Amino acid sequence: MSKIGYYVHHQGDGHRQRAIAIASNAPESFTIIGTNLKNRTNGLSCVDLPDDNLTGVERNEHLLSTHYTPLGEPLITQRMKKIADWIADNNPCLMVVDVSVEVAMLARLFSVPVIYVRLTGSRFDPAHMDAFLAAEALLCPFSQQLELDEVPSWIKQKCYYFANLTPNISSLATTQANNIVVLLGAGGHEFKLENLIDLAYQLSNWDINVLGIVENNNNFNLPQNLHLNGWVENYANYIEKAAVIVGAAGDGVLANVLNFKKPYICVPQKRAFGEQIEKAKSLKKLGIEVIFDLNQVNWHSLILTTIAKGPIITKIDDNSTAYDAAKMILNIAKRKL
């Protein structure tokens, strides 16, 4: 089969993890394309791109057809050239784009069909709508139960929903009582260290394991039950041990919560197009606990309520996996050969 290019955005880490989970089901078919991928794709073929996360540049957000098109930036020129060269050299039958309207349209200009990864949120601007219109299909890394009512029917007809896009992870750890894991997103989060200290003091008989980066700029003395672990490779062991997961509304966090069948408290992060806020509202409608303000939380009451409700897999009845997503992509690719 001809090659399939899989472009991944570099905000947060969920895009990369999702690509690895899917592409690992057919490693000979996929090449992952993105920033900072070297030695980080589990042996899958990849193209490492220059970083285009530039500060102090004019994004040209007034344009209707694009979201991010700064002028006169050599790194962006090099980045787009590497993508174009890979397409020209490999003649892919399909590109999966997670996510960039600009890369999706670049692929279409090269006469390559696209599957676009569609996230939640109010993505009804002209650039997104054109990307959706141009795509052969839309891969949605969330349950159909979290779909927004206002999404036009023609978009929904292109959608394939996959709630559990996680790598195949084996963990022998068992759930430990009084153990909470807080998952902080790589793309920024709402937790301040004071919020975590408050959580630890309110639940003094619980172990609080924080995965991700939180700054201790004020050199606080931390409670003994608060463990700031930073980024860890064996995150599955922490999640498996947790009695409750506290985390963002990102698709990767939700997939892991579903995969490990854990009770979950949602703390949505600020993201473009209201992605996590909209998803958190949908989760709340399903009966899942959501925190919109971390400054006034009765953690003891909230934890008891969350445990009583049980794993969120009982609320989100969707076991679709990365294998299913890979099968969908490969089937579309075969039709385009």
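Against the criterion of solvent-accessible heavy-atom surface with a 1.4 angstrom probe, ASP98, ASP207, ASP125 sort, most first, into ASP207, ASP125, ASP98.
Build a GNM of the chain with springs between Cα atoms under 10 Å apart, and of ALA255, ALA137, ALA236 the one that fluctuates most is ALA236.
The spacing between segment 204-234 and segment 73-141, judged by their C-alpha centroids, is 38 Å. Among the trypsin sites (Lys or Arg not before Pro) within segment 31-87, those in coil by DSSP and having at most 16 neighbouring Cβ atoms inside 10 Å are LYS38, ARG40, ARG59.
Among ARG271, ARG335, the order of accessible area from largest down is ARG335, ARG271, computed with a 1.4 Å probe on protein heavy atoms. Please compare each pair in LYS3/LYS334; LYS284/LYS315; LYS156/LYS262 to a cut-off of 18 Å on the Cα-Cα distance and tell me which ones are over it. Long pairs (Cα-Cα over 18 Å): LYS156/LYS262.
Solvent-accessible area assigned to carbon and sulfur over the chain amounts to 48 percent, based on a 1.4 Å probe. Measuring only protein heavy atoms, the 1.4 Å probe finds ILE291 accessible over about 10 Å². Of all the options GLU73, GLU136, GLU233, the one that moves most in a Gaussian network model of the chain with Cα springs shorter than 10 angstrom is GLU233. Of all the options PRO167, PRO126, PRO74, the one that moves most in a Gaussian network model of the chain with Cα springs shorter than 10 angstrom is PRO74. Within the shell of other residues whose beta carbon sits under 11 angstrom from the beta carbon of TYR264, the net charge comes to +3, with Lys and Arg scored +1 and Asp and Glu -1. Against the compact-protein benchmark of 2.2 N^0.38 Å, the Cα-based radius of gyration of segment 89-228 scales to 1.47.
TRP299 contributes about 0 Å² of solvent-accessible surface, heavy atoms of the protein only, 1.4 Å probe. Computed with a 1.4 Å probe over protein heavy atoms only, the accessible surface of segment 20-170 comes to 46 Å² per residue.
Considered as an equivalent ellipsoid built on the Cα gyration tensor, the chain has semi-axes of 35, 21, 20 Å, the largest given first.
Around SER65, under 11 Å between beta carbons, what's the net of Lys plus Arg minus Asp minus Glu among the other residues? Every neighbour counted, the sum reads -3.
Cα convex hull, segment 182-337: 143 Å³ per residue, rounded to a whole number. Where does the charge balance sit around LYS192 when Lys and Arg score +1, Asp and Glu -1, over other residues with C-beta under 10 Å from its C-beta? Here the count lands on -4.
The values are calculated or read from the model by the stated rules, or taken from the named source; none is laboratory data. The shown structure was predicted, so the numbers you read here are calculated from the model rather than taken from an experiment. In this analysis, Cβ positions are derived from the backbone assuming ideal geometry, glycine residues included, and neighbour counts consider all displayed protein chains. These accessible areas exclude ligands, DNA and RNA; they are computed on the full protein's heavy atoms, side chains included. Shrake-Rupley method; radii C 1.70, N 1.55, O 1.52, S 1.80 Å.
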